[in-house]
Amino acid sequence: MVQQNYIGGEWVAGKTVTRDINPSDIKDLVGEYAQADATLTEQAIDAARDAFKTWSLSPIQQRFDILDKAGDLILARKAELGKLLSREEGKTLAEGIGEATRAGQIFKFFGGEALRMSGEKIASTRPGIEVEITREPIGVVALITPWNFPIAIPAWKIAPALCYGNCVVFKPADLVPGCGWALVDILIEAGLPKGVLNLVMGRGSVVGEKMLASPKVDAVSFTGSVATGRAIAQKAVASGKKVQLEMGGKNPMVVLDDADLATAVNVSVNGAFFSTGQRCTASSRLVVTSGIHDKFVEAMKEKMKALKIDNALKPGTDIGPVVDQSQLDQDMNYIEIARKEGGKVFGGERLNRETEGFYLSPALVTETTNAMRINREEVFGPVASVVRVKDYDEALAVANDTEFGLSAGICTASLKHSSHFKRHSQAGMVMVNLPTAGVDYHVPFGGRKGSSYGPREQGRYAAEFYTTVKTVYIQP
Ligand code: NAD
């Protein structure tokens with residue numbers, strides 16, 4: 001059965017269909033999904049505009065009830081949703097269930113936030129006048145998401161958008177329509193009124209472009225690559241839309257001589273290779289001081305040899321496949337570039353498994369400098385490089401010498417160095433003796449420099465993007 005788009009409270013077929021293939025087993029068809037075109041996208045935007053008249057004024061109790069129930073439904077179905085996620089994206093079943101759980105928690109958090117909506121009452125500089133500051137929804141929000149977190153990223157955009165009274169047109173990534181579809185289905189079951197959330201599956205160049213061109217869309221929240229994000233920002237700003245972008249990373253993990261070796265290796269392997277390295281927060285640059293460098297590299301290789309790379313659904317698998325052939329080609333290409341630049345590559349081999357899929361062993365590139373392309377450009381796969389530095393000062397300089405600024409980590413026993421790093425790292429998120437990836441759901445997420453643009457996502461900070469402030473002066 002072809003799963004359809006959801007527009008104005010109706011399931012709607014498209015003229016074409018996309019086939020969702022399991023990257024662990026390319027013979028396994030996860031599902032078939034109808035593709036929306038520009039006309040359907042326009043209908044979805046109109047439906048959202050229409051629904052905004054009532055949803056923007058809906059009682060907070062109604063918003064709480066729906067978001068909280070959606071959270072409960074996701075949590076009750078986390079095993080099934082996690083399996084769907086693993087099948088369509090390729091992260092391991094445990095990672096898939098973890099991500100589905102996070103999506104449920106996000107909905108419950110924003111259910112609570114609906115009840116906690118507040119403003120400010122401030123004294124006026126003029127006698128006898130009162131000033132009130134309130135938050136109101138922004139209107140129709142277009143949400144454009146990537147393939148690597150197919151349920152958590154849609155959740156952390158849809159939940160706050162609805163919580164603060166906005167209506168949504170949601171476009172999941174082409175490779176992973178299944179989780180987006182399932183999430184919308186759950187929100188319908190949770191009681192969301194018609195038109196408040198619309199699902200348009202399809203290509204960025206068709207559906208995405210239509211969303212950006214429409215004067216009836218007030219804001220765009222995008223997560224994806226830098227190139228797409230920058231193009232989206234220009235179009236969004238040109239048509240007066242509020243815009244929020246979360247993009248790539250080249251996140252450093254600094255390992256100092258005084259670090260606990262086992263912690264440094266666990267943190268680095270987890271940060272660099274788990275979820276097949278396909279995380280914007282992945283530790284792709286390991287910046288290691290010379291006293292621990294050789295021991296660290298050897299221990300990393302030992303740990304990597306023990307990792308099981310296999311079908312994402314198979315018990316015992318540590319790392320699933322790369323998401324598709326084109327991402328696999330990109331990963332292999334960067335490994336080759338690193339080799340040609342003089343890096344020494346450990347791992348990074350194409351693997352065959354019982355089921356045919358896009359399997360790649362994690363790659364560690366040593367003997368690199370921070371000027372090499374492997375340390376400057378995002379690979380977005382299980383590929384990490386090691387940069388040897390002489391001391392903490394050089395490590396900090398190398399960590400910050402990047403156009404990105406999403407997450408940065410340090411492994412050290414030194415309070416002095418960790419405190420200095422916390423203050424001087426040019427990243428939006430800093431981790432001490434923890435992987436650069438893996439974050440809580442109730443606190444802000446986002447970066448600096450080329451990694452992000454606009455207000456932070458998640459936690460209470462999400463209100464900055466999904467609301468607009470009104471200042472009211474009253475003469476009683
Ligand atoms: P992508 O930029 O190719 O696509 C992201 C989304 O944009 C997809 O839904 C795609 O269909 C859509 N799109 C493409 N062209 C468009 C256009 N012209 N107009 C409107 N929409 C368009 O990214 P991807 O390959 O899906 O995801 C991988 C990237 O996402 C990586 O660079 C990764 O770092 C980044 N990412 C960032 C974060 C973060 O929070 N910083 C989180 C996850 C992933």
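The values are calculated or read from the model by the stated rules, or taken from the named source; none is laboratory data. The shown structure was predicted, so the numbers you read here are calculated from the model rather than taken from an experiment. Neighbour counts run over all protein chains shown; Cβ positions are idealised from the backbone, glycine included. Surface areas here come from the heavy atoms of the whole protein model, side chains and all, with no ligands, DNA or RNA. Shrake-Rupley method; radii C 1.70, N 1.55, O 1.52, S 1.80 Å.
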Fill in: aspartates and glutamates whose Cα lies under 17 Å from that of K295, excluding same-chain neighbours fewer than 8 positions away
D257, D258, D260, E367, D391
Worksheet item: Considering the dipole of the chain built from charges on the beta carbon (Lys and Arg +1, Asp and Glu -1) around the Cα centre, which of M372, Q43, G348 is farthest to its positive end?
Response: Q43
Response to the item:
The size of the Cβ-based charge dipole (Lys, Arg +1; Asp, Glu -1) of the chain about the Cα centre, to the nearest 20 debye, is 800 debye
Worksheet, complete the sentence: Taking R0 as 60 Å and r as the Cβ-Cβ distance between D258 and E354, the FRET efficiency 1/(1 + (r/R0)^6), rounded to the nearest 0.05, comes to 0.85
Response to the item:
Expressed in µm² per second, the diffusion coefficient of segment 239-314 from the Stokes-Einstein equation, with Rh the Kirkwood radius over alpha carbon pairs, at 25 °C and 0.890 mPa s, is 173 µm²/s
Fill in: All-pairs alpha carbon distance profile, the chain, 20 Å steps from 0, percent
25, 54, 20, 1
Item to complete: Please compute the net charge surrounding A34, taking Lys and Arg as +1 and Asp and Glu as -1 over other residues with Cβ under 15 Å from its Cβ.
Response: -2
Discussion item. At 1.4 Å probe size, put H424, H417 in order of accessible surface, largest to smallest.
Written reply: H424, H417
Discussion item. One quarter of the convex hull surface, Cα atoms only: what value does that give for segment 366-427 in nm²?
Written reply: 4.6 nm²
Discussion item. Using a Förster radius of 25 Å, what is the FRET efficiency between E209 and W11 based on their Cβ-Cβ separation? Nearest 0.05, please.
Written reply: 0.60
Worksheet, complete the sentence: Dipole check, segment 317-476, charges on Cβ (K,R +1; D,E -1), about Cα centroid: among A463, T436, Y453 the Cα furthest to the positive pole belongs to A463
Worksheet item: To the nearest 10 degrees, how steep is helix 60-76 against the longest Cα principal axis of the chain, on a 0 to 90 scale?
Response: 40 degrees
Discussion item. Explain nothing, just the number: relative contact order of segment 252-432, from Cα pairs under 8 Å at least 6 residues apart, as a whole percent.
Written reply: 29 percent
Practice prompt. Figure the gain on full extension for I122 and E377 (residue separation times 0.36 nm, minus the Cα-Cα span) and round it to one decimal in nm.
Written response: 87.0 nm
Discussion item. Can you find, among P315, F107, P362, the residue sitting farthest towards the positive end of the charge dipole of the chain, where Lys and Arg contribute +1 and Asp and Glu -1 at Cβ?
Written reply: F107
Fill in: segment 93-136 and segment 41-79: distance between their alpha carbon centers, rounded to Å
16 Å
Item to complete: For segment 387-476, state the average projected area of the convex hull of the C-alpha atoms over all orientations, rounded to one decimal in nm².
Response: 8.7 nm²
Worksheet item: How do the peptides 141-148, 97-104 rank, highest first, by the average count of neighbouring beta carbon atoms within 10 Å per residue?
Response: 141-148, 97-104
Item to complete: Just the ratio, please: alpha-carbon radius of gyration of segment 252-432 over 2.2 N^0.38 Å, N its number of residues.
Response: 0.99
Worksheet item: Using 0.36 nm per residue, how much length does the chain from E130 to K235 gain when fully extended, once their Cα-Cα distance is taken away?
Response: 33.9 nm
Worksheet item: Taking only the alpha carbons of segment 49-151, what extent do you get along each of the three principal axes, in Å, biggest first?
Response: 64, 25, 24
Practice prompt. Report the semi-axes of the equivalent ellipsoid for segment 102-186 in whole Å, largest first, where each axis is √(5λ) for an eigenvalue λ of the Cα gyration tensor.
Written response: 35, 13, 9
Discussion item. If I fit a long axis through the Cα atoms of helix 78-89 and take the longest principal axis of the Cα atoms of the chain, what angle between them do I get, 0 to 90°, rounded to 10?
Written reply: 60 degrees
Item to complete: Quick one: pull the percentage of alpha-carbon pairs in segment 59-111 with a separation above 12 Å.
Response: 59 percent
Practice prompt. Multiply the residue separation of D440 and N400 by 0.36 nm, subtract the distance between their alpha-carbon atoms, and state the gained length in nm to one decimal.
Written response: 12.0 nm
Practice prompt. Quick one: of K91/K242; K15/K157; K53/K194, which pairs are farther than 23 Å apart, Cα to Cα?
Written response: K91/K242; K15/K157
Response to the item:
Binned at 5 Å starting from 0, the alpha-carbon pair-distance distribution of segment 341-450 in whole percents comes out as 2, 10, 17, 21, 19, 14, 9, 5, 2, 1, 0
Worksheet entry | Whole-number percent relative contact order across segment 226-337, with pairs defined as alpha carbons under 8 Å at least 6 apart | 22 percent
Worksheet entry | Calculated Rg and Dmax of segment 132-291 using C-alpha coordinates, Å | 19.0, 62
Practice prompt. Could you state the angle between the C-alpha long axis of helix 415-424 and the longest principal axis of the C-alpha atoms of the chain, as a value from 0 to 90 degrees rounded to the nearest 10?
Written response: 50 degrees
